[in-house]
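The structure under discussion appears below in the form of structure tokens.
The values are calculated or read from the model by the stated rules, or taken from the named source; none is laboratory data. Computed from a predicted structure; not experimentally measured. We place every Cβ from the backbone using ideal geometry, glycine too, and count neighbours over all the protein chains shown. Protein only, heavy atoms only, side chains kept; ligands, DNA and RNA dropped before computing areas. Shrake-Rupley method; radii C 1.70, N 1.55, O 1.52, S 1.80 Å.
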Amino acid sequence: MEARAVVAESTPAITVRNLTMAYGDFTLQRDLDFTIEAGDIFVIMGGSGCGKSTLLRHLIGLNEPARGEILYGTESFTKAAPERRSEMLRRIGVLYQSGALWSSMTLAENVALPLGEFTELDQSEIAEVAALKLALVGLAGFEDYYPADISGGMQKRAGLARAMALDPDILFFDEPGAGLDPISARLLDDLIIELRDSLGATIVIVTHELASIFAIGTNSVFLDAESRTMIAHGPPVELRDQSQNERVRRFLRRGES
Amino acid sequence: MSMAVSSPGELTVTRGVDGTVVVRLAGSWRIESGLPSVAALEGVLADGPTSAISFDSRELGDWDSAVLAFLASACRLARERDIDVDRSGLPEGLRRLLELAEAVPEKDDARTSVIDDAFVQRLGGKAIDTHRLFRSDLDFVGRLVLAMSRAARGKARFRWSDLALLVQQNGFEALPIVTLVTFLLGLILAFVGAIQLQTFGATIYVADLVGVAMVRDMGALITGIIMAGRSGAAFAAQLGSMKVTQEIDALETMAISAMEFLVVPRVVALCLMMPLLTLYGDAMGILGGAFVGVTMLGLSPVEYLLQSADAVSLSHVVGGVFKGSVYGVLIAISGCLRGVQSGRSSSAVGDAATSAVVTSIVAIIVACGVFAFVFYMLGL
């Protein structure tokens with residue numbers, strides 16, 4: 001019998017199927033259909049106000065789709081029961097735009113909270129892991145600082161340490177470079193690649209910073225504000241050089257088509 | 001660089017024989033001293049058919065956005081009337097700015113249409129909003145009950161250190177203000193009573209009046225109102241700003257329920273602290289009454305306190321403390337509810353705090369009325 005050429009397609013980390021996002025009667029984006037492969041650094045890009053961050057909120061369950069669904073692996077996240085959804089959420093980490101550290105807690109407590117909730121570690125082990133995660137993002141020694149006492153870039157890194165607390169399979173970043181100086185933004189990019197390579201995590205980034213997009217993105221989707229749907233899907237560098245779509249090329253070349 | 005003393009702005013609009021209109025701008029046009037009047041141009045245009053508009057700015061001195069705004073309106077007028085505009089008479093800078101302002105045409109659906117809705121339509125809209133808000137209030141209370149029952153079974157996730165801090169902030173730290181207000185309230189009640197009772201020579205009964213009023217109702221009520229302003233507003237502001245900074249989102253995506261983590265400890269803290277503050281307030285009120293009795297009415301301190309102790313029964317005290325506890329729960333729920341419903345801007349957080357205080361005070365007064373009726377029916 002002839003062996004069938006079976007391409008061992010691994011299951012994608014996330015599948016977005018026919019997703020429509022709306023606020024009340026206002027449709028923000030419709031018919032989004034794409035997959036995010038495991039190990040990708042996937043960029044969600046598009047101009048201001050096109051719905052990038054809203055798509056991220058849908059992916060992490062903060063907004064509900066108007067139509068369509070989101071699958072993690074082969075399992076529907078949209079249709080999961082609340083308890084199951086909580087379990088699925090433990091496999092992801094989110095770095096919010098402003099860090100969103102809990103302001104009444106120290107950095108170590110911020111990182112320790114998910115560890116205390118979802119692991120069997122005892123207090124001293126938790127403190128040890130929290131210190132390690134902070135050290136990974138270059139914040140060793142800052143365990144007892146409150147979020148208000150450190151700079152914006154440090155808050156972002158501490159937010160990343162918290163997002164990585166439970167060693168998630170998928171990490172989401174909302175505008176990681178926003179508000180950072182070019183060098184800090186570059187360091188954060190390097191850190192993201194490092195995390196992907198060493199932890200084997202899948203990474204989803206919402207951004208419009210071209211330097212980051214080309215430096216780290218392995219795949220991407222382009223949301224268009226005018227037609228209110230995705231108009232390109234593929235590695236960012238390819239889209240810049242070969243996209244048939246004028247708007248995508250202009251965006252990726254800073255206005256020069 | 002010497003600044004020429006500039007003359008005030010002048011605008012003349014003249015109509016030539018060939019149907020062209022010449023707009024002459026002279027002197028200094030600064031936005032502080034007003035815009036050139038478009039009405040003058042409109043008036044001339046209305047006089048008869050116009051083939052083109054041109055500008056004469058040879059004597060134009062200083063100019064800024066005032067002239068630009070006038071020109072933009074003038075060009076719009078011309079477009080509406082299909083009249084050519086010859087811009088060659090304008091300074092280079094003005095021409096370029098005008099082009100910039102016209103570069104991106106107005107988006108069709110960008111302007112939200114302000115339609116003066118009919119009264120019935122507005123009424124209907126309000127009714128639907130109210131219904132939606134009421135449902136979201138009920139939903140919140142329902143989820144809180146579920147979270148509290150999980151907490152009662154020891155399954156809710158919150159930090160004991162948070163609860164301890166809340167107990168301190170909403171108990172111990174409220175003592176000074178509660179002392180001041182309840183002492184003064186006791187004093188006021190004593191004065192009100194003294195005026196009436198003096199006419200019968202029965203000033204000793206001021207002790208009964210102050211004691212019973214404070215312990216049964218006024219102690220819990222006034223402490224509740226203080227705590228509504230203090231804790232209710234604080235809860236709404238804390239939760240509202242956590243919403244603005246996405247801290248609540250961060251909890252939810254960590255699969256940690258904000259209801260259990262943030263709301264439950266606040267409700268528990270106020271439910272525990274309000275009875276204690278009420279008891280303390282009762283005592284302070286009686287002291288306030290005694291102060292008036294001793295210094296103004298010539299009663300002896302021992303006499304006054306014995307009379308008070310005689311008048312106040314244990315059921316009065318228990319009833320008052322129970323009321324205080326209920327008010328505490330109402331304040332915590334209103335504060336957290338409005339905080340969670342807050343929008344994502346700093347002004348929305350302010351609105352949430354205001355609304356939390358109003359909601360909690362209304363809830364307290366309504367509850368107080370219900371208690372008065374029920375306690376009367378039960379003969380307590």
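Name the residue, out of B:314, B:330, B:297, that is modelled with pLDDT of 95 or more, assigned by TED's automatic domain parsing to the domain that holds residue B:204 and more than 14 Å from the chain's Cα centre (by Cα).
Working: B:314 fails: modelled with pLDDT of 95 or more; B:297 fails: modelled with pLDDT of 95 or more.
Selected residue: B:330, the only one of B:314, B:330, B:297 that is modelled with pLDDT of 95 or more, assigned by TED's automatic domain parsing to the domain that holds residue B:204 and more than 14 Å from the chain's Cα centre (by Cα).
So that you can scan it fast, the table gives a plain yes or no per residue for (1) farther than 30 Å from residue A:117 by Cβ; (2) open to solvent by less than 40 Å² (accessible area, probe 1.4 Å):
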site: B:143; (1), (2): no, no
site: B:155; (1), (2): no, no
site: B:164; (1), (2): no, no
site: B:178; (1), (2): yes, yes
site: B:184; (1), (2): yes, no
site: B:189; (1), (2): yes, yes
site: B:211; (1), (2): yes, yes
site: B:216; (1), (2): yes, no
In segment B:39-60, the residues that are out of contact with any Asp or Glu (no Cβ under 9 Å at 6 or more places or on another chain) and either aromatic (Phe, Trp, Tyr) or open to solvent by 40 Å² or more (accessible area, probe 1.4 Å) (or both): B:39, B:40, B:42, B:46, B:47, B:49, B:58
Hits in segment B:255-291 - residues which are more than 30 Å from residue A:92 (Cα to Cα), open to solvent by less than 10 Å² (accessible area, probe 1.4 Å) and not hydrophobic (A, V, I, L, M, F, W, C): B:278, B:281, B:282, B:285, B:288, B:289
Among residues of segment A:47-70, those that are open to solvent by less than 30 Å² (accessible area, probe 1.4 Å) and within 15 Å of the chain's Cα centre (by Cα), counted: 10
Residue B:370 being open to solvent by 40 Å² or more (accessible area, probe 1.4 Å) and under 30 Å from residue B:252 (Cβ atoms): no
Conditions (1) open to solvent by 10 Å² or more (accessible area, probe 1.4 Å); (2) closer than 21 Å to residue B:262 by Cα; (3) part of a helix (DSSP H, G or I); number of the one not met by residue A:104: (3)
Failed criterion for residue A:84 (all others in (1) within 11 Å of chain B (Cβ to nearest Cβ); (2) out of contact with any helix residue (DSSP H, G or I) (no Cβ under 9 Å at 6 or more places or on another chain); (3) among the basic types (Lys, Arg); (4) buried (at least 17 other Cβ atoms within 10 Å of the Cβ) hold): (4)
Condition met for residue B:194 (open to solvent by less than 40 Å² (accessible area, probe 1.4 Å), modelled with pLDDT under 95 and farther than 30 Å from residue A:110 by Cα): yes
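Restricting to segment A:147-198, what's the tally of residues that are assigned to a helix (DSSP H, G or I), more than 14 Å from every other protein chain (Cβ to nearest Cβ) and closer than 15 Å to residue A:98 by Cα? Full working, then the answer.
So the first thing to find is which residues in segment A:147-198 are assigned to a helix (DSSP H, G or I), and the list is A:147-149, A:152-163, A:182-198.
If we keep only those that are more than 14 Å from every other protein chain (Cβ to nearest Cβ) as well, we get A:149, A:153-154, A:157, A:182-198.
With closer than 15 Å to residue A:98 by Cα added as a condition, the list becomes A:149, A:153-154, A:157, A:184-185, A:188.
Total satisfying the criteria: 7.
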Per-region count, segment A:151-186, residues without any contact (Cβ under 8 Å) to a residue 40 or more places away in the chain and on the phi < 0 side of the Ramachandran plot: 12
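Would you mind stating whether residue B:283 is closer than 30 Å to residue B:257 by Cβ and not polar (S, T, N, Q)?
Numbers: closer than 30 Å to residue B:257 by Cβ: no; not polar (S, T, N, Q): yes.
Taking the combined requirement at face value, the residue does not satisfy it.
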Test: residue A:100 is more than 9 Å from chain B (Cβ to nearest Cβ) and among the aliphatic types (A, V, I, L, M): no
Filter result for the condition that a residue is more than 14 Å from chain B (Cβ to nearest Cβ) and either in contact (Cβ under 8 Å) with a residue 40 or more places away in the chain or of a type in the set (Asp, Glu) (or both), over A:71, A:134, A:59: A:71
Enumeration of residues in segment B:218-246 that are buried (at least 24 other Cβ atoms within 10 Å of the Cβ) and within 14 Å of another protein chain (Cβ to nearest Cβ): B:235, B:239, B:240, B:242
Count of residues meeting criterion [aromatic (Phe, Trp, Tyr) and within 30 Å of residue B:180 (Cα to Cα)] in segment B:220-275: 1
